[in-house]
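What follows is calculated from the coordinates using simple rules that are stated; it is not laboratory data. Nothing here was measured: the structure is a model prediction, and the numbers come from that model. Here the Cβ is made from the backbone with ideal geometry for all residues, glycine too, and neighbour counts use every protein chain on show.
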Amino acid sequence: MVDYRKLRPGNIRSPEFKHLLLLLYWPVYGLAFLLLERGLKLSYHTVEIAFDSKIPFCEYFVIPYYFWFVFLAGIHIYTLLFDVPAFKKLMYFIIITYTITTIIYIVYPNKQELRPTEFLRDNIFVDIVKKLYNFDTNTNVCPSLHVIGSFAVLFTTWQCKPLLKPSLQIPIVISTVLISISTVFLKQHSAVDIIAGLAVCAVAYPFAYILPSRSAKAKRKKEKIKKDITTGNQQPET
């Protein structure tokens with residue numbers, strides 16, 4: 001477990017804490033997304049396919065939809081405390097995928113027109129969805145950040161041995177799936193947005209998780225060889 005009580009402004013760039021600098025991406029991304037959502041008026045393309053009309057609206061999916069925030073924040077906290085290498089890979093994945101989506105939102109501004117104007121039921125979950133609709137715009141939807149963020153959590157748990165237990169992986173996988181499909185059942189996204197999100201994940205995965213692991217393994221092997229050579233040279237002659 002990393003002891004962040006030792007963290008000071010002067011040692012933020014030390015090997016023990018420099019991984020924290022990766023967190024600076026979040027405010028930068030937040031400002032860029034806010035500008036896209038509220039500051040720019042673009043010519044948006046509507047994303048929709050025939051299959052979307054066959055997916056019924058279900059307000060109960062607002063539970064996994066909002067659980068996404070806990071899901072994503074939770075993996076950040078866990079890896080920051082217990083698995084810094086996994087945290088780095090998580091942030092590499094976030095940086096790559098969220099940057100790609102931002103570029104797509106700029107190059108191909110998009111929106112969805114799937115939200116219902118009338119609701120068949122009246123309950124607390126519908127009320128929450130209405131508030132979501134009032135707050136959240138219907139723009140910048142493809143690829144889906146909910147899908148990408150959910151799979152970021154799943155992929156990162158694969159890097160953490162304590163989280164590979166079936167008793168943990170099963171609920172994590174279920175959460176990932178429920179969060180992803182919640183976007184279409186709440187009419188926040190088209191099915192196309194899920195597919196696009198998965199495609200972005202597929203592009204980023206090797207660069208965020210596979211290549212860093214290989215690089216770290218090669219570095220350890222090189223250091224071991226160097227240590228063996230040094231140790232061998234220091235052995236006394238007999």
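Here are a few things to note about the model shown:
- From the alpha carbon centroid of region 176-235 to that of region 97-145 is 28 Å.
- When each of K54/K111; K161/K227; K161/K221; K161/K226; K88/K161 is checked by Cα-Cα distance, pairs over 25 Å: K161/K227; K161/K226
- Relative packing of peptides 51-59, 65-73 - highest average C-beta neighbours within 10 Å first: 65-73, 51-59
- Debye, to nearest 20: dipole size of the chain, +1 on Lys, Arg Cβ, -1 on Asp, Glu Cβ: 1180
- Computed from backbone phi, the HN-Hα couplings of region 71-79 come to 4, 6, 5, x, 5, 5, 5, 4, 5 Hz, rounded to whole numbers (Karplus: 6.51 cos²θ - 1.76 cosθ + 1.60, θ = phi - 60°; Gly and Pro given as x).
- Toward the positive end of the charge dipole of the chain, with +1 on the Cβ of Lys and Arg and -1 on the Cβ of Asp and Glu, the farthest Cα among V84, L36, T176 is that of V84.
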